[in-house]
1. Of Thr55, Thr35, Thr50, Thr63, which residue is modelled with pLDDT under 85 and within 19 Å of Val137 (Cα to Cα)?
2. With the requirement that a residue be assigned to a strand (DSSP E or B) and either outside the structural domain of Val73 (by TED's automatic domain parsing) or not charged (D, E, K, R) (or both), what does segment 115-152 give you?
3. Within segment 260-270, is there a residue that is over 25 Å from the mean Cα position of the chain (by Cα), outside any strand (DSSP E or B) and modelled with pLDDT of 85 or more?
4. Could you please find all residues in segment 137-189 being within 18 Å of Ser53 (Cα to Cα), at pLDDT 90 or above and either surrounded by fewer than 16 Cβ atoms within 10 Å (Cβ to Cβ) or basic (Lys, Arg) (or both)?
5. Looking at Val283, Val309, Val315, which one is part of a strand (DSSP E or B) and at pLDDT below 90?
6. Give the residue that is farthest from Ile172 (Cα to Cα), with candidates limited to residues of segment 58-88 that are small (Gly, Ala, Ser) and in contact with a Lys or Arg (Cβ under 9 Å, 6 or more places away or on another chain).
7. Can you tell me which of Leu289, Leu302 is part of a loop (DSSP other than H, G, I, E, B), under 27 Å from Leu221 (Cα atoms) and not basic (Lys, Arg)?
8. Would you check which residues across segment 62-113 are crowded, with 18+ Cβ neighbours inside 10 Å and not in a strand (DSSP E or B) and list them?
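The values are calculated or read from the model by the stated rules, or taken from the named source; none is laboratory data. Bear in mind the structure is a predicted one, so any value in this text is a computation, not a measurement. For neighbour counting, all protein chains shown are included, and Cβ atoms are generated from backbone atoms with ideal geometry for every residue, glycine included.
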Amino acid sequence: MKNYGLTITTMAAMVSLVMLASVVQAAQPEAAAETLASANANGVTFIHNTDGSVTVQFRARSTGHMLCRADGVADLGVASGAFVGDYTAAGIRGLTFGIKSNGYVPLTAMVVLHEANGQEWQYGPVEVSGVAGEVVVNTISMDYEAGWQSAFLPGTDLEAKWDAALKNVRDIGLRLQPATLAAEAYTVADFMLAGPNGFTLPANLGRLGQALQARFGKSSLDELGALGSGDSDGDGASDLAELLAGTDEDNAADVFAAEVLGQDAGGTTISWSSASDLLIYKVKRATSLTSGFSLVAEGLTLDSPEITVTDGFMVWKDTSISAGSAPCFYRVLGDAIAE
């Protein structure tokens with residue numbers, strides 16, 4: 001296991017998450033969207049999945065499917081960010097993403113790009129498989145010749161206008177429209193900008209690399225630097241710490257904390273509110289807060305036979321300390337998995 005010096009610690013009702021301070025940069029190549037936000041959606045539910053993908057769910061209806069539409073946009077409402085700004089200066093050459101359906105092909109599937117003045121450009125059709133669960137990876141060039149069009153710009157020389165549009169991008173995303181009256185669903189993952197060296201897909205990375213790419217646009221902790229040290233929800237834990245622990249960086253009530261559940265003849269049961277496949281956990285124990293902690297378990301993962309997961313909590317039993325034993329304290333630590 002590679003140790004990056006990033007250790008997340010929790011003890012009883014106390015949590016200590018020490019990481020590093022976030023920086024927002026405009027228009028970044030090799031950046032992946034954390035998620036796609038709903039914009040101009042009618043009759044649609046956006047479901048943000050724990051793996052960073054988003055599912056666009058059109059409800060079943062008896063009439064009016066032609067009126068249903070969903071736009072999912074990266075960096076929606078953000079003045080600056082990985083998907084906002086001067087694509088030409090940033091060296092952004094394309095866009096890539098994976099999309100799958102629950103067995104339908106949408107009536108409309110296209111990429112939409114808006115300039116800062118609101119002017120819309122479209123690319124399509126996006127490729128979607130009618131086989132349920134089959135992922136199609138779309139790779140789209142930012143060159144005008146790839147097929148970018150605007151139905152709202154009069155006159156000629158659209159190529160020059162497209163070149164100008166790329167220098168002042170407000171947002172970019174997907175537009176979907178159902179083809180039937182059934183409950184159609186489309187899941188989009190790894191929505192990502194490509195730089196001058198081509199496409200680097202998060203699918204080629206390990207679990208940690210994919211999570212970092214989706215959240216921060218960086219594929220390793222070494223590349224991340226200080227980018228993950230912001231604290232979006234103000235709970236004292238950095239966004240990177242919360243990503244690793246599997247807690248919600250936008251919810252101050254969702255923290256990495258441990259609790260002793262009780263003792264019986266078989267041992268002492270503890271739990272901690274982090275069920276993450278990005279950490280390898282170890283548990284330390286002490287008879288007092290001044291006597292020092294000793295290691296009692298290590299190498300614990302979601303798949304460990306001595307671990308159970310209930311409602312997002314990992315549960316572990318210390319079989320060496322049973323009912324009637326002296327009081328003790330536990331500390332749970334998590335190390336980032338090897339990339």
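1. On the way: Thr55 fails: modelled with pLDDT under 85; Thr50 fails: within 19 Å of Val137 (Cα to Cα); Thr63 fails: within 19 Å of Val137 (Cα to Cα).
From the options Thr55, Thr35, Thr50, Thr63, the qualifying one is Thr35.
2. Start the filter on segment 115-152 by keeping residues that are assigned to a strand (DSSP E or B), which leaves 115, 120-123, 136-141, 149.
Of everything in segment 115-152, those that are assigned to a strand (DSSP E or B) and either outside the structural domain of Val73 (by TED's automatic domain parsing) or not charged (D, E, K, R) (or both) turn out to be Trp121, Gln122, Tyr123, Val136, Val137, Asn138, Thr139, Ile140, Ser141, Gln149.
3. Just the residues of segment 260-270 that are over 25 Å from the mean Cα position of the chain (by Cα), to begin with: 260-270.
Now narrow it down to the ones that are outside any strand (DSSP E or B): 265-266.
Narrowing further to those that are modelled with pLDDT of 85 or more: 265-266.
Yes.
4. Arg175, the sole residue that qualifies.
5. Answer to the check: Val309.
6. Restricting attention to segment 58-88, the residues satisfying the condition of being small (Gly, Ala, Ser) are 60, 62, 64, 70, 72, 74, 77, 79-82, 85.
Retained after the next criterion (residues that are in contact with a Lys or Arg (Cβ under 9 Å, 6 or more places away or on another chain)): 70, 72, 85.
On the way: Ala70: 13, Gly72: 9, Gly85: 11 Å.
So the residue we want is Ala70.
7. Working: Leu289 fails: under 27 Å from Leu221 (Cα atoms).
From the options Leu289, Leu302, the qualifying one is Leu302.
8. Of everything in segment 62-113, those that are crowded, with 18+ Cβ neighbours inside 10 Å and not in a strand (DSSP E or B) turn out to be His65, Cys68, Asp75, Leu76, Ala82, Phe83, Tyr87, Ala90, Ile92, Arg93, Tyr104, Pro106.
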